[in-house]
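Each remark here refers to the structure printed beneath this line.
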Amino acid sequence: MNQAVLSLRGVTKRFGGLVAVNAIDFDVRQGQVLGLIGPNGSGKSTTLNLISGALAPTSGEIGLRGVSIGGLRADKIAKRGVSRTFQLVRLLPGMNVEQNIIAGAVFGHRRRWGAAAKAEAARLAERVGLAGKGHMAIDQLTYIDSKRVELARALAPDPKVLLLDEWLAGLNPTELQVGIELIQSLREEGRTIILVEHVMDAIRSLCDYCVVMSSGTKIAEGTPAEVLSDPEVVRAYLGDEDA
Amino acid sequence: MSSTEIQGFVFAALALLVAGALPYFGSDYVLSLGISIAMFTVLATSWALFSGPTHYISLATAAFFGLGTYTTGLGFESLPIWSLIILAGVLGAVLAALVGLATLRLSGVYFVIFTLGLAELIRQVITWGQNMTGQKGLYVLTDLTEAHLYQMLVALAALVFLVGWLIGRSRLGFALRIIGDDETVAAHSGINTAQAKVLLFMVSGAVAAMTGAILAPRYIYIEPSLAFTPLLSFQVVIMALLGGVHRLWGPIVGVIPFTLILETISANFPNQVTLFIGIVFLVIVYFIPRGFAGLIETVRNWSAWREARS
Ligand SMILES: Nc1ncnc2c1ncn2[C@@H]1O[C@H](COP(=O)(O)OP(=O)(O)OP(=O)(O)O)[C@@H](O)[C@H]1O
Ligand SMILES: [Mg+2]
């Protein structure tokens with residue numbers, strides 16, 4: 001096994017009395033697609049926020065290729081090669097599609113400017129299925145296209161680790177198929193990805209490995225088949241459904 | 001460079017020539033209007049460089065302006081004016097850096113209040129210092145004429161437009177636009193948001209201080225309540241918003257009519273000045289949120305659309 005690109009050790013986040021993430025440990029290896037799953041409110045987005053620097057961990061260590069990044073500012077972590085999308089899509093409303101993608105290409109892990117940034121934005125637009133839509137305004141986009149823009153922006157700095165927070169949520173069945181194929185193609189490209197997802201089909205077909213969280217704690221890990229048949233995981237999900 | 005940019009440059013160069021030549025053909029009254037317009041053009045344009053993209057409303061203009069005024073007031077006997085203008089720029093930038101580092105991490109509302117308080121704080125400190133030394137104000141007696149001051153302001157305005165244009169094309173300008181749209185996205189794209197905001201705020205503060213340094217000789221006698229008047233900060237904000245802060249040329253489109261009307265009103269109805277400012281503010285908020293520049297663009301797009309249809 002090769003060395004972990006990203007490793008979490010005892011990572012904890014408290015919001016006042018609430019422990020949103022409780023002593024989480026896991027490793028993500030080079031080229032691996034790791035599914036981070038669990039019922040609503042189990043701490044998945046908070047975990048991504050801790051990795052991306054949107055929030056600082058209360059305690060614990062986050063290492064990127066052996067270098068500690070826990071608690072650094074988001075821009076520093078981005079420069080070291082962590083990119084993300086947001087559970088609620090965040091685009092730049094004052095800019096068109098092309099500029100939104102370029103925004104990811106200029107200041108991050110891999111930096112380009114001018115013609116090089118434009119060329120990269122065009123390449124990525126094509127890559128995510130937005131070819132020819134570079135000049136569209138953000139408010140003209142369909143939902144899946146807005147998700148595509150955000151994905152292209154996250155890919156623009158050529159990240160070492162890509163964090164996708166429910167990128168497939170809210171898509172209709174046809175779009176979902178397209179979306180799964182798109183992430184599949186990223187996986188084939190050899191990207192290292194953490195995928196937070198509720199869509200079971202996507203988890204089965206995309207993830208090499210899964211970490212399951214419930215109420216902030218890791219309750220299981222293993223291959224998708226293993227964790228999805230784990231009685232405790234089933235209970236966590238069903239418990240959530242009863243609520 | 002695109003053809004619209006070349007057009008813009010030619011137009012700017014012509015405007016600069018005409019503006020710079022004003023003292024040779026205008027009356028004293030026209031020159032004095034010219035000074036007001038040049039002063040507010042510099043202040044509003046540099047204000048918009050920072051506040052346009054970030055949406056942070058700064059009411060600190062008076063603080064920087066007053067700092068510059070006092071730089072000249074205290075130094076004109078020992079140093080040449082050009083060195084005082086540069087010194088004021090440096091002091092303005094340093095003050096802006098300190099204020100920026102302390103406040104730009106805060107949300108917009110706190111920033112507004114802090115910047116308003118800043119001018120008042122400095123004013124109180126200087127008043128206190130003067131009381132301690134038994135002084136009241138400062139006489140600034142130089143042999144600079146109104147025409148000199150005016151031309152220095154026009155030169156500063158040209159510099160501000162050049163710097164603004166360069167920033168607009170730079171990574172810093174792009175970073176500021178991203179920050180203005182979504183600060184979280186900016187940070188996650190690798191932008192040091194605090195640094196970018198502080199840098200732009202420093203530019204804006206330096207320019208306002210330089211303006212104050214240039215204008216000090218015009219007042220002849222300066223005292224804290226004049227140099228640090230909060231009214232100045234509000235006027236700059238309103239003129240910039242009236243013109244439109246999303247374009248480099250926006251503020252000047254607001255400054256010219258506003259200054260002309262304001263001069264007319266204060267000459268004929270001196271008690272109605274605040275009322276006028278209040279009405280302009282309401283008009284901006286309710287009818288032209290993107291200022292005259294936005295209005296002009298809307299009309300242009302609309303006529304282009306009509307042409308395309310016919
Ligand atoms: N900034 C915050 N302040 C206070 N509490 C928070 C904050 N962010 C998240 N929480 C709480 O932390 C817990 C975990 O939230 P989180 O968003 O990480 O869950 P999640 O697993 O992503 O859920 P979902 O599947 O619904 O997106 C929730 O109880 C949430 O209310
Ligand atoms: Mg979530």
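Okay, helix-only estimate at 222 nm for chain B: each DSSP H run of n ≥ 4 adds -39500 (n - 2.57), divide by all residues, round to 500 deg cm²/dmol; what do you get?
After summing the helix terms and dividing by the residues of chain B, the value is -27500 deg cm²/dmol.
Across all directions of projection, what mean area in square nanometres is found for the Cα convex hull of the range B:81-148?
Reported value for the Cα convex hull: 6.7 nm².
Any idea how far apart B:Val30 and B:Arg306 come out in nm if each label point goes 7 Å out from Cα toward Cβ?
Between B:Val30 and B:Arg306, the simple spin-label model gives 3.4 nm.
Considering every pair of different Cα atoms, what Kirkwood radius, in Å, is found for chain B?
On the way: mean 1/r = 0.0495 Å⁻¹.
About 20.2 Å for chain B.
In whole Hz, what ³J(HN,Hα) sequence does the range B:127-134 give by Karplus (6.51, -1.76, 1.60; θ = phi - 60°), x for Gly and Pro?
Ordered by residue, 3J(HN,Hα) equals 4, 4, x, 5, 4, 5, 8, x Hz.
Above 27 Å lies some portion of the pair distances; for chain A, what is it as a whole percent of all C-alpha pairs?
More than 27 Å apart: 34 percent of the Cα pairs in chain A.
Translational diffusion coefficient, Stokes-Einstein: compute it for the range B:1-141 using the Kirkwood radius over C-alpha pairs as Rh, at 10 °C and 1.306 mPa s, and state it as an integer in µm² s⁻¹.
Values: Rh = 18.0 Å.
This corresponds to a translational diffusion coefficient of 88 µm²/s.
In deg cm²/dmol, rounded to 500, what helix-only [θ] at 222 nm does chain A give when every DSSP H run of at least 4 residues adds -39500 (n - 2.57) and the total is split over its residues?
That comes out to -11000 deg cm²/dmol.
For the range B:169-208, just the Cα set please: Rg and Dmax, both in angstrom.
Every Cα atom of the range B:169-208 included, Rg and Dmax give 10.3, 32 Å.
Taking the Cα centre of the protein assembly as shown as origin and charging only Cβ (+1 Lys, Arg; -1 Asp, Glu), how large is the dipole, in debye to the nearest 20?
760 debye
Largest first and in whole Å, give the semi-axes of the range A:62-190's equivalent ellipsoid, each being the square root of 5 times a Cα gyration tensor eigenvalue.
23, 18, 14
List the residues, sorted by chain then number, that are 5 or more residues from A:Val5 or on another chain and whose placed amide H is less than 5 Å from its amide H.
A:Val28, A:Arg29, A:Gln30
For chain A, what is the accessible area per residue in Å² when the probe is 1.4 Å?
42 Å²
Identify the GluC sites (Glu not before Pro) of the range B:51-154 meeting these criteria: DSSP loop state and at most 14 other C-beta atoms within 10 Å of the C-beta.
B:Glu77
Pop a pseudo-label 7 angstrom from the Cα along the beta-carbon direction at both A:Ser215 and B:Gln7 and give the gap in nm to one decimal.
Spacing of the two 7 Å Cα→Cβ label points: 6.7 nm.
No solvent, one uniform scatterer per C-alpha: report log10 I(q)/I(0) for the protein assembly as shown via the Debye equation at q = 0.07, 0.10 1/Å, two decimals.
Listed by q, the Debye log ratios stand at -0.52, -0.89.
Keeping every protein chain present and rolling a 1.4 Å probe, give me the accessible area per residue for chain B in Å².
49 Å²
Determine the sum of side-chain charges near A:Leu141: Lys and Arg each +1, Asp and Glu each -1, restricted to other residues whose C-beta is under 10 angstrom from that of A:Leu141.
Numbers: positive: A:Lys133, A:Lys147, A:Arg148; negative: A:Asp139, A:Asp145.
Summing Lys and Arg as +1 and Asp and Glu as -1 gives +1.
List the lysines whose Cα sits under 22 Å from the Cα of A:Lys160, skipping any in the same chain fewer than 8 residues away.
Within the straight-line cut-off, A:Lys160 pairs with A:Lys44, A:Lys76, A:Lys79, A:Lys118, A:Lys147.
DSSP beta bridges in the protein assembly as shown, what fraction antiparallel, as a percent rounded to 5? Please report the intermediate quantities before stating the final value.
Details: 23 of 39 bridges.
If I count the DSSP bridges inside the protein assembly as shown, around 60 percent turn out antiparallel.
Roughly how many whole Å is it from the C-alpha centroid of the range B:181-258 to that of the range A:102-123?
Each part reduced to its Cα centre gives a spacing of 31 Å.
FRET efficiency for A:Thr12 and A:Met200, Cβ-Cβ distance as r, R0 = 30 Å, nearest 0.05?
0.60
Using only Cα atoms, what is the ratio of the radius of gyration of the range A:91-157 to 2.2 N^0.38 Å? Intermediate values should be presented prior to the final figure.
Details: Rg = 10.4 Å, N = 67, 2.2 N^0.38 = 10.9 Å.
Ratio of Rg to 2.2 N^0.38 Å for the range A:91-157: 0.96.
Along the Cα→Cβ direction, 7 angstrom out, place labels at B:Ala155 and A:Val234. What is the inter-label distance in nm?
Here the answer is 8.4 nm between the modelled labels.
Rounded to the nearest 20 debye, what is the charge dipole size of the range B:3-230 about its Cα centre when +1 sits on each Lys and Arg Cβ and -1 on each Asp and Glu Cβ?
Dipole magnitude for the range B:3-230 comes out near 340 debye.
If you line up the Cα atoms of the range B:190-281 on their principal axes, what length do they span on each, largest first, in Å?
54, 31, 19
The values are calculated or read from the model by the stated rules, or taken from the named source; none is laboratory data. All values reported here derive from a predicted model rather than from experimental measurement. Neighbour counts are summed over all protein chains in view; Cβ atoms, including those assigned to glycine, are modelled from backbone coordinates with ideal geometry. Only protein heavy atoms, including side chains, enter the accessible area calculation; ligands, DNA and RNA are left aside. Shrake-Rupley method; radii C 1.70, N 1.55, O 1.52, S 1.80 Å.
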